[in-house]
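Peer 1: Can you keep this structure in mind? I'll have questions shortly.
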Amino acid sequence: PHVSSALADLRGITLSYDAEKRNAHSSGVNQDVVQLAQRFGMLMGEYNLAIADGKISINEAKRLLRETLALQQVLLEMKLNLEEEAH
């Protein structure tokens, strides 16, 4: 998806896709921590690419937003798992 998004950015095209994987439900807090670290790494990678030229384009901002929302989803899953363990 990163190459496709970068190619679309060069052409001034915006791609949109649903990154949710319905079969990939969280199985606990440990998995959530791993996913959180992976998603944060992806967000930082996107940010590094976005600021490489000193300017964040619209498509780069949209990719950053997608990664931020994915990170938020992992945090929500982690919160739910922690609440479940606390009961």
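The values are calculated or read from the model by the stated rules, or taken from the named source; none is laboratory data. Keep in mind that what you see is a predicted model, and the values were worked out from it rather than measured. Glycine also receives a Cβ, built like all others from the backbone with ideal geometry; neighbour counts cover every protein chain displayed. Surface areas here come from the heavy atoms of the whole protein model, side chains and all, with no ligands, DNA or RNA. Shrake-Rupley method; radii C 1.70, N 1.55, O 1.52, S 1.80 Å.
Peer 1: Before we move on, is Ala70 among the small types (Gly, Ala, Ser) and crowded, with 16+ Cβ neighbours inside 10 Å?
Peer 2: Yes: the conditions hold for Ala70.
Peer 1: Name the residues in region 29-67 that are open to solvent by 40 Å² or more (accessible area, probe 1.4 Å), under 26 Å from Leu10 (Cβ atoms) and either in contact with a Lys or Arg (Cβ under 9 Å, 6 or more places away or on another chain) or touching a residue at least 24 places away in the same chain (Cβ under 8 Å) (or both), would you?
Peer 2: Arg39, Met42, Leu49, Ile58, Lys62, Arg66
Peer 1: For region 73-87: of the residues being at pLDDT 90 or above and of a type in the set (A, V, I, L, M), which is least open to solvent (accessible area, probe 1.4 Å)?
Peer 2: Val74
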